[in-house]
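The values are calculated or read from the model by the stated rules, or taken from the named source; none is laboratory data. Small disclaimer: the values here were computed from a predicted structure and weren't measured. Here Cβ is always computed from backbone atoms with ideal geometry, including for glycine, and neighbour counts include all displayed protein chains. Surface areas here come from the heavy atoms of the whole protein model, side chains and all, with no ligands, DNA or RNA. Shrake-Rupley method; radii C 1.70, N 1.55, O 1.52, S 1.80 Å.
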Amino acid sequence: DTAVSQTPKYLVTQMGNDKSIKCEQNLGHDTMYWYKQDSKKFLKIMFSYNNKELIINETVPNRFSPKSPDKAHLNLHINSLELGDSAVYFCASSQSGATIYFGEGSWLTVV
Amino acid sequence: DQQVKQNSPSLSVQEGRISILNCDYTNSMFDYFLWYKKYPAEGPTFLISISSIKDKNEDGRFTVFLNKSAKHLSLHIVPSQPGDSAVYFCAARSVSGGSNYKLTFGKGTLLTVNP
């Protein structure tokens, strides 16, 4: 069983579209994250949710809106996609800030 | 402002020898350090960690050393195996408001272990 699973794995879409990436964890963790790996290969935190409450928002454009319907899910919705949004997006989870476990990543390409 | 730096983008080692991956940091408030391993088209997987109050942690073939005064940590893999070939990320944990933890990552080092 995959501990942190995210879908879709690959997504190619046109500029201006709206898209969502879904994430689910079955580890019983209380904290979930979205990280972005850009073309320069840096892994940077975007958002962190603890028990469905947003606790970290790292100056991400308003076009990115995370939604956590429950503790086990954290979805990422992106409006009006731009070319610069092309990246790999990783969902992750942890229990109270301990070791973070990552999903397999979602490769987003905006054309 | 890169708070976690991995200055070697790549490292090539012969099978059976030691691999040493290095990481430097600037923020003295980091309280925990982790190494992650990443294969292509997969997410990073946790490898080993060390608390800032320790200077060494060992787990099988993997040992992490922390030198707080130099703000430097290193990952030793011995003996290296071809299956260790991957990108290794150094990460440092900080607290962001109360008990909200976040990880800051280095850029990664591509390790290639040659048979």
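In this rough spin-label picture, where each label sits 7 Å from Cα along the Cβ direction, the B:N57-A:K40 distance is 2.8 nm. Contact order, relative form, for the range B:1-59: 25 percent (alpha carbon pairs under 8 Å, 6 or more residues apart, mean separation divided by residue count). When the residues B:M29, A:M46, A:M15 are ordered by accessible surface, computed with a 1.4 Å probe over the protein chains alone, the sequence from largest down reads B:M29, A:M15, A:M46.
Cross-link reach is defined here as a Cα-Cα straight distance under 26 Å, omitting same-chain residues fewer than 8 places apart; for A:K52 the lysines meeting it are A:K9, A:K19, A:K22, A:K36, A:K44, A:K67, A:K71, B:K102.
Rounded, prolate or oblate for the range A:15-111? Axes are the square roots of the Cα gyration tensor eigenvalues, ordered a ≥ b ≥ c, and the cut-off for rounded is a/c under 1.5. Note, shape of the range A:15-111 comes out prolate.
Figure note: B:S80, B:S51, B:S69 ranked by solvent-accessible area, largest first, 1.4 Å probe, ligands and nucleic acids not counted: B:S69, B:S51, B:S80. Rounded to the nearest 10 square angstrom, B:F65 shows an accessible area of 70 square angstrom against a 1.4 Å probe. Starting from the Cα of B:D1, step 7 Å toward the Cβ, then list every residue of the range B:16-52 with an amide N under 15 Å from that point. The answer is B:25-30. Seen from a random direction on average, the alpha-carbon convex hull of the range B:4-114 projects onto 6.9 square nanometres. When nucleic acids and ligands are ignored and a 1.4 Å probe is applied, B:K54 ends up with an accessible area of around 120 Å². Taken about its Cα centre, the range B:22-95 carries a charge dipole of about 100 debye when Lys and Arg each add +1 at the Cβ and Asp and Glu each add -1 at the Cβ.
Counted by Cβ distance under 14 Å from A:N79, the other residues give a net charge of 0, where Lys and Arg count +1 and Asp and Glu count -1.
Remark on the protein assembly as shown: hydrodynamic radius 18.1 angstrom, per the Kirkwood mean of 1/r across alpha carbon pairs.
For the range A:4-101, the relative contact order comes to 36 percent (Cα pairs under 8 Å, sequence separation of at least 6). Per residue, the accessible area of the range A:4-101 comes to 48 Å², computed with a 1.4 Å probe over protein heavy atoms only.
Taking all protein chains together and rolling a 1.4 Å probe, A:D18 ends up with roughly 80 Å² accessible. Summed over both chains, the accessible area lost when B and A associate is about 1800 Å², using a 1.4 Å probe. With every protein chain in place and a 1.4 angstrom probe, the accessible-area ranking of A:W107, B:W35, largest first, reads A:W107, B:W35. In µm²/s, what is D for the range A:1-68 at 25 °C and 0.890 mPa s, where D = kT/(6 pi eta Rh) by Stokes-Einstein and Rh is the Kirkwood radius from Cα pairs? Stokes-Einstein gives a translational diffusion coefficient of 181 µm²/s. Once C-alpha pairs closer than 8 Å and six or more residues apart are averaged by separation and normalised to the residue number of chain B, the relative contact order reads 36 percent.
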